[in-house]
Amino acid sequence: MADVSASIGALVAEPRVAVLLGLLVITAWIDIWQHRIPNLLILAGLCFAIPYSGLHPATSGANGWLIASSGCIVGFVSLFPFYLVRAMGAGDVKLMAMVGAFVGPFGALCAALLTFAAGGVLAIGVLLWKGQLRRALCNVYHLTMGNILSAPAGSLDFSMSGSDSTGRIPYAVAIAAGTLSYLFANSAGLVG
């Protein structure tokens, strides 16, 4: 237990990580209550992460600007396809891009993968809480079957009417959980 406390303390002591954690907590809180992610918080994060990475090469390597910028791109690209099929909002995509600016391209990829896992757990939890799990599974079945039947004709449609939706989840919570998981795994030496 002492090793975990020391690891968490060392992790939060770094200004870059402390700012990222603060932004993630605030963003998740706002997303839970208002179902939106403020652009101002994302802009503030980017305005801190990119210059900090460039000015403190000891924490991000000699090419800090490049690492932060490429991390931003990887974070953005990892969630953008889900925005295109309307499975996620633009704020979620921009938040993941901001995370990438803090953790770099490899960290952004790892955080995105862990975010997907956290998002799945969060979605199932919310569906169970609302009593909508069966309806959601029926929606997935109908979307899948509809696309299997229409795929040979060259038309895929992942949209659903608003009446079929089982609700929205605050995906900033999943992004925060995935990013925190990556940061703890990285500080423990489990990932590079």
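The values are calculated or read from the model by the stated rules, or taken from the named source; none is laboratory data. Since we're looking at a predicted model, the values are computed, not measured. Note that each Cβ is placed from the backbone with ideal geometry, even for glycine, and that neighbours are counted across all protein chains shown.
General remarks:
- Residues in segment 173-192 that are in contact with a Ser or Thr (Cβ under 8 Å, 6 or more places away or on another chain) and closer than 14 Å to residue 100 by Cα: 175, 176, 178, 179.
- Every residue from segment 103-113 that is touching a residue at least 40 places away in the same chain (Cβ under 8 Å) and surrounded by fewer than 21 Cβ atoms within 10 Å (Cβ to Cβ): 106, 113
- For the condition modelled with pLDDT of 95 or more, surrounded by 13 or more Cβ atoms within 10 Å (Cβ to Cβ) and part of a helix (DSSP H, G or I), residue 43 does not qualify.
- Summed over segment 91-117, residues that are closer than 17 Å to residue 18 by Cα and among the β-branched types (Val, Ile, Thr) total 2.
- Top-ranked residue in segment 62-94 [being out of contact with any helix residue (DSSP H, G or I) (no Cβ under 6 Å at 6 or more places or on another chain) and assigned to a loop (DSSP other than H, G, I, E, B); ranked as surrounded by the most Cβ atoms within 10 Å (Cβ to Cβ)]: 89
- Only a single criterion out of (1) modelled with pLDDT under 75; (2) within 24 Å of residue 16 (Cα to Cα); (3) in a helix (DSSP H, G or I); (4) not polar (S, T, N, Q) is not satisfied by residue 180, namely (1).
- Within segment 82-102, residues that are of a type in the set (Ser, Thr, Tyr) reach partners that are buried (at least 18 other Cβ atoms within 10 Å of the Cβ) and part of a helix (DSSP H, G or I) with beta carbons closer than 6 Å, at six or more positions or on different chains, in the pairs 83/93.
- Some residue of segment 7-28 being within 23 Å of residue 113 (Cβ to Cβ), part of a loop (DSSP other than H, G, I, E, B) and at pLDDT below 95: yes
- Selected residue (only one of 97, 136 is modelled with pLDDT under 95, aliphatic (A, V, I, L, M) and crowded, with 17+ Cβ neighbours inside 10 Å): 136
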